[in-house]
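J.: Here it is, the structure, as structure tokens.
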Amino acid sequence: MTDIENFRMIEDKKYMWDSKTYDDEAQAKEAQSGYKGANFETEIVREGGKFYVYTRRLVTDVVVEGEAPI
């Protein structure tokens, strides 16, 4: 089991770990590219010789169901 943090604060922004451990930077960058294509902000963290991808995405649309409160 990995003792990697589920989230990290990077430059005052909260990033969530994608739950995958990458053996080399090329694998991490490939995953990062996919997340960026889906409009995620990403950061790669190297720790203990492994690479971890952290992602975040800002909410741009809020959908509210039901009637507005009075």
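J.: Tell me which residues, restricted to region 18-59, are part of a strand (DSSP E or B) and surrounded by fewer than 14 Cβ atoms within 10 Å (Cβ to Cβ).
T.: 46, 47
J.: Working carefully through the options 64, 53, find the one that is within 9 Å of the chain's Cα centre (by Cα) and aliphatic (A, V, I, L, M).
T.: Testing whether each residue is within 9 Å of the chain's Cα centre (by Cα) and aliphatic (A, V, I, L, M) leaves just 53.
J.: Taking the criterion of being of a type in the set (D, E, K, R), in contact with a helix residue (DSSP H, G or I) (Cβ under 9 Å, 6 or more places away or on another chain) and in a loop (DSSP other than H, G, I, E, B), would at least one residue in region 7-17 satisfy it?
T.: no
We did not get these values from a lab; they are worked out from the coordinates using the rules stated. Treat the numbers as computed from the prediction; the structure is a model and nothing was measured. Ideal geometry is used to build each Cβ from the backbone, glycine not excepted, and the neighbour counts take in all protein chains shown.
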